[in-house]
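For reference, the structure discussed in these notes is given below.
The numbers here are math on the coordinates, done by the rules we state, and not lab data. These numbers come from a predicted model, not from an experiment. Here the Cβ positions follow ideal geometry from the backbone for every residue, glycine too, while neighbour counts run over all protein chains shown.
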């Protein structure tokens with residue numbers, strides 16, 4: 001409805017303005033003049049509604065605002081020509097008066113056309129944001145400074161022409177040479193009144209356009225800052241809509257290129273990190289009686305437990321999707337400290353002596369210390385913190401009888417409590433030189449016996465809720481000799 005409102009407001013403004021610049025209009029029938037303006041601008045609005053789908057909305061979003069402005073200004077030019085012709089031909093006014101009225105139509109139409117184009121631009125930007133559309137910048141670069149200069153220059157020109165038209169009309173009407181000094185005061189009042197009317201109308205139009213510009217600028221800035229804020233928080237999927245061929249489009253385009261490059265570099269680093277983790281974990285496993293499949297199975301057990309546990313009260317704040325992913329990535333490093341245990345102990349097929357077992361228990365501390373070295377070099381981060389927790393605490397027990405620190409209950413980090421169950425379950429169902437592979441039900445029975453002694457009761461309850469997933473993981477990643 002806004003275009004219809006603007007065309008009707010233009011008719012109303014020209015209805016008043018015409019009488020202030022043209023004595024013939026002032027003397028003409030208000031019904032005749034008003035009826036013509038209503039018909040003229042309603043016809044312009046109807047033509048706009050007819051042409052808009054093909055001329056504007058059928059185009060890509062990046063050119064729609066410009067095409068809408070061109071369509072609207074052409075319609076206002078046609079309305080101005082029709083108004084000039086009516087004033088000259090139907091009312092018998094001199095051509096200069098018809099031109100002055102046409103200038104008024106163009107002035108009002110110019111500002112309304114800009115506002116409609118800016119509104120179209122807002123709609124395009126919001127739609128692009130909603131649907132993730134993006135347009136490449138073309139060679140027709142139009143800086144924001146030039147847009148402001150164009151509007152400001154047009155405002156000055158139209159103001160000068162309209163005020164001049166009003167002054168000339170008043171000079172001819174109110175300043176005849178025969179009048180005395182008393183009439184000059186009255187004439188000046190009429191001149192000031194007409195000029196005030198013109199300035200008020202143009203000021204209102206200028207404020208309308210400036211406000212519309214400000215809304216668009218605010219929208220562009222908000223998208224830019226929202227995307228940068230998202231990137232700062234780790235969301236590298238954020239993008240800024242590129243929909244204007246000016247500085248904002250240029251900034252948005254290059255911001256997206258920067259985010260894309262950062263995303264690619266981050267993916268490369270993550271792939272390198274993941275490969276390094278698997279390599280280190282595999283190196284540790286090759287010195288043990290376990291296999292590389294143990295790494296893959298246990299990290300999937302941990303993820304299954306963490307996802308389901310996050311649904312229980314008190315765990316959702318910690319077990320966010322990002323944290324669960326970090327647990328999954330760092331789980332393979334739980335036994336990395338075994339590289340520091342002598343082969344004679346690590347590969348011994350029988351029961352370890354108390355002294356040997358004390359040496360074996362050191363692998364939890366070795367793993368923590370080796371990861372601490374990496375943290376000292378690279379700086380603290382959540383991945384290394386979780387990896388250290390898992391390596392150091394996955395042999396702690398709920399009742400405090402575990403090692404290396406004898407932590408009890410929730411003093412044991414949740415990462416270690418999750419890894420403890422996953423590690424024990426996989427050891428139970430896997431064949432070792434010192435034991436056969438137990439079936440799932442036997443492993444489940446042993447874990448239930450360890451509830452509240454070896455394992456966190458909440459983690460055991462969660463295991464029961466996802467035991468089918470454990471069985472599926474074990475079957476999909478079965479060892480060849482099991």
Ranking 218, 113, 415, 253 by Cβ neighbours within 10 Å, fewest first, what do you get? 218, 253, 113, 415
Cα axis of helix 382-393 to longest principal axis of the chain: angle in degrees, 0 to 90, nearest 10? 20 degrees
Using a Förster distance of 60 Å, the FRET efficiency for residue 203-residue 372 (Cβ separation, nearest 0.05): 0.30
Can you tell me how much longer the chain between residue 123 and residue 50 gets when fully stretched, taken as 0.36 nm per residue apart minus their C-alpha distance, in nm with one decimal? 24.3 nm
Any chance you could run the full-extension gain for residue 344 through residue 38? It's 0.36 nm times the residue separation minus the Cα-Cα distance, nm to one decimal. 100.0 nm
Cα convex hull of the range 1-87 - mean projected area over all directions, nm²: 5.7 nm²
The range 287-476 - Rg and Dmax from Cα coordinates, angstrom: 15.9, 46
Against the longest principal axis of the chain, how steep is helix 30-52, in degrees 0 to 90 to the nearest 10, with axes from Cα atoms? 30 degrees
Does anyone have the angle between helix 64-85 and the longest principal axis of the chain? Alpha-carbon axes, 0 to 90°, nearest 10? 10 degrees
Cut-off 19 Å, label point 7 angstrom out along Cα-to-Cβ of residue 351: give me the residues of the range 434-448 whose amide nitrogen falls inside. 434-436
One point scatterer per Cα, no solvent, Debye formula: log10 I(q)/I(0) for the range 292-349 at q = 0.16, 0.21, 0.27 Å⁻¹ comes out as -0.59, -0.79, -1.04
Of (i) 1.02; (ii) 1.07; (iii) 1.72, the label for Cα Rg over 2.2 N^0.38 Å derived from the coordinates: (iii)
Footprinting proxy, 393, 225: sorted fewest to most Cβ within 10 Å, the residues are 225, 393
Difference of contour (0.36 nm per residue) and Cα-Cα distance, residue 269 to residue 225: 13.3 nm
Can you give the FRET efficiency to the nearest 0.05 for residue 479 and residue 261, using r as the Cβ-Cβ distance and R₀ = 35 Å? 0.25
